[in-house]
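What follows is a short report on a single structure.
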Amino acid sequence: MFRKIFLICIIFLNCMLSVEAEEQTVLKGSALKPGDCIGIVAPASGMDGMDISLAVQKLQSWGYKVKLAPNLYSQSGYLAGSDTKRAADLNTFFADDEVKAILCLRGGYGSERILDLLDYEMVKQHPKMLIGYSDITALHAALWEKCRLIGVHGAMVIDINDSSPNYTDEQLRKGLSSTIVSDSGAFALPENHQLEVLHEGTAEGRLIGGNLSVIAALCGTPYALDGTGCILFLEEVGEDSYAIDRMMWQLWQSGLLKNINGMVIGNLRRCEPLTPQLYDYSVKQVFAHYAKLAEIPVIYNLPVGHGPVNGFLPLGVKAKIVADYNNPQLIITENYAEK
């Protein structure tokens, strides 16, 4: 009897040590200070004649230095230069201690192609904020699975190329220099913006995810999100409801949706139909179906993702969703950056 109790205690202790070790492996970049340097890199699609001078000026007006990646202006078909060049720029900026945060130029396509070329062991030695969304989801997923690096699903250079003040710019400006999303931890919403509930309940876990298409494309690869005990964030652009259904079914069959504790749905720009149609499901109905299937709390309409209203959302941090019809909330319960 004593032997059995002793073995149970050993197993329990090992489990506790494993959890503690997992927590210790989570890596965070540092919040930026005036005079710090932001590196601009293009891991996916290229400049396509884009003028980024306004964006650079805006970052400088916020008090930061800006360094452009050596191959930023390269072009190779629909890519910002060869896979080797794009990966080299990202590796270089992670290794460069002058660069305190890395801001992606744009999404498009191509990030998945460089995942095998990244130096993950080096990244672990130089953790810093990587900021981007859309195709950059592939980088966030890989760096989370391989390094446990906390990233940021947020505005890119292409989004801040505007002189007018707005929610998106303000979210990025505050996010770069802070370690928390708000004093209370509640994700800050634009004025008059309302979250919705697709399935009631509360859930806690690390917040992972990004663009649905990219996450589905990573299924079956070494960079696929595991999601066990996590909260999954999803956003999308330009997909019909049947295509969203197909990708969600892939996430269900792969096990990702079966492992998560909750889900948050962000911007669904140009995803149709928005309202139910004869012989069709709306995009909301599709997500509601999977919320019910997984039997997890789900909140809808978070202002993050493609579109002019795009919040600063840390990925990899501990979070809580309150899917309450009276007051739905996303609460980030952990600092996303070091001071």
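The values are calculated or read from the model by the stated rules, or taken from the named source; none is laboratory data. What you are looking at is a predicted structure, and each value in this text was computed from that prediction instead of being measured. For neighbour counting, all protein chains shown are included, and Cβ atoms are generated from backbone atoms with ideal geometry for every residue, glycine included. Accessible surface areas use protein heavy atoms only, side chains included; no ligands, DNA or RNA. Shrake-Rupley method; radii C 1.70, N 1.55, O 1.52, S 1.80 Å.
Listed by position, the helices (runs of 4 or more DSSP H) enclosed by region 154-255 that each have at least 2 residues that are acidic (Asp, Glu) are 167-177. If you go through region 77-105 and pick out every residue that is over 14 Å from ILE136 (Cβ atoms) and touching a residue at least 60 places away in the same chain (Cβ under 8 Å), you end up with 3. Checking the structure you have, find out if any residue of region 211-223 is touching a helix residue (DSSP H, G or I) at 6+ places or on another chain (Cβ under 7 Å), closer than 25 Å to ILE332 by Cβ and aromatic (Phe, Trp, Tyr). Scanning region 211-223 turns up at least one residue that is touching a helix residue (DSSP H, G or I) at 6+ places or on another chain (Cβ under 7 Å), closer than 25 Å to ILE332 by Cβ and aromatic (Phe, Trp, Tyr).
None of LEU268, LEU274 is surrounded by fewer than 20 Cβ atoms within 10 Å (Cβ to Cβ), closer than 23 Å to PRO190 by Cα, touching a helix residue (DSSP H, G or I) at 6+ places or on another chain (Cβ under 7 Å) and without any contact (Cβ under 8 Å) to a residue 60 or more places away in the chain except LEU274.
Selection over region 60-85 of residues that are open to solvent by 70 Å² or more (accessible area, probe 1.4 Å) and polar (S, T, N, Q) gives a count of 4. Would you pick out the residues in region 106-133 that are without any contact (Cβ under 8 Å) to a residue 12 or more places away in the chain and either at positive phi or not polar (S, T, N, Q) (or both)? Listed by number, the residues that qualify are ASP116, GLU121.
Output the number of the condition that PRO165 fails; it satisfies all remaining conditions of (1) at pLDDT 95 or above; (2) open to solvent by 60 Å² or more (accessible area, probe 1.4 Å). For PRO165, the failing item is (1). Checking each residue in region 286-339 for being without any contact (Cβ under 8 Å) to a residue 60 or more places away in the chain and over 27 Å from TYR242 (Cα atoms) picks out ASN326, ASN327, GLU334. Screening region 16-33 for residues that are among the charged types (D, E, K, R) and assigned to a helix (DSSP H, G or I) and picking the one that is modelled with the highest pLDDT gives GLU23. Only one of the numbered conditions (1) open to solvent by 40 Å² or more (accessible area, probe 1.4 Å); (2) at pLDDT 95 or above; (3) over 24 Å from SER213 (Cβ atoms) is violated by GLY108, and that is (3). Tell me yes or no: at least one residue of region 230-241 is in contact with an Asp or Glu (Cβ under 6 Å, 6 or more places away or on another chain), at pLDDT 95 or above and either under 30 Å from LEU278 (Cα atoms) or open to solvent by less than 10 Å² (accessible area, probe 1.4 Å) (or both). Yes: region 230-241 contains one or more residues that are in contact with an Asp or Glu (Cβ under 6 Å, 6 or more places away or on another chain), at pLDDT 95 or above and either under 30 Å from LEU278 (Cα atoms) or open to solvent by less than 10 Å² (accessible area, probe 1.4 Å) (or both).
Among the candidates ILE160, ILE180, ILE150, ILE136, the residue that is open to solvent by 50 Å² or more (accessible area, probe 1.4 Å) and β-branched (Val, Ile, Thr) is uniquely ILE180. Scanning region 124-140 for residues that are over 27 Å from VAL237 (Cβ atoms) and not in a loop (DSSP other than H, G, I, E, B) yields LYS124, GLN125. Going by the structure shown, is ASN192 at pLDDT below 95 and not acidic (Asp, Glu)? For ASN192, the condition - at pLDDT below 95 and not acidic (Asp, Glu) - is met. Within region 298-311, track down each residue that is outside any strand (DSSP E or B) and open to solvent by 10 Å² or more (accessible area, probe 1.4 Å). The answer is ASN301, HIS306, GLY307, PRO308, VAL309.
Scanning region 201-218 for residues that are open to solvent by 30 Å² or more (accessible area, probe 1.4 Å) and either within 12 Å of the chain's Cα centre (by Cα) or without any contact (Cβ under 8 Å) to a residue 40 or more places away in the chain (or both) returns a single hit, SER213. For region 242-259, the set of residues classified as of a type in the set (A, V, I, L, M) and either in contact with a Phe, Trp or Tyr (Cβ under 7 Å, 6 or more places away or on another chain) or open to solvent by 10 Å² or more (accessible area, probe 1.4 Å) (or both) consists of MET247, MET248, LEU257, listed by residue number.
When residues in region 79-115 are screened for being assigned to a loop (DSSP other than H, G, I, E, B) and more than 18 Å from TYR133 (Cβ to Cβ), 5 of them pass.
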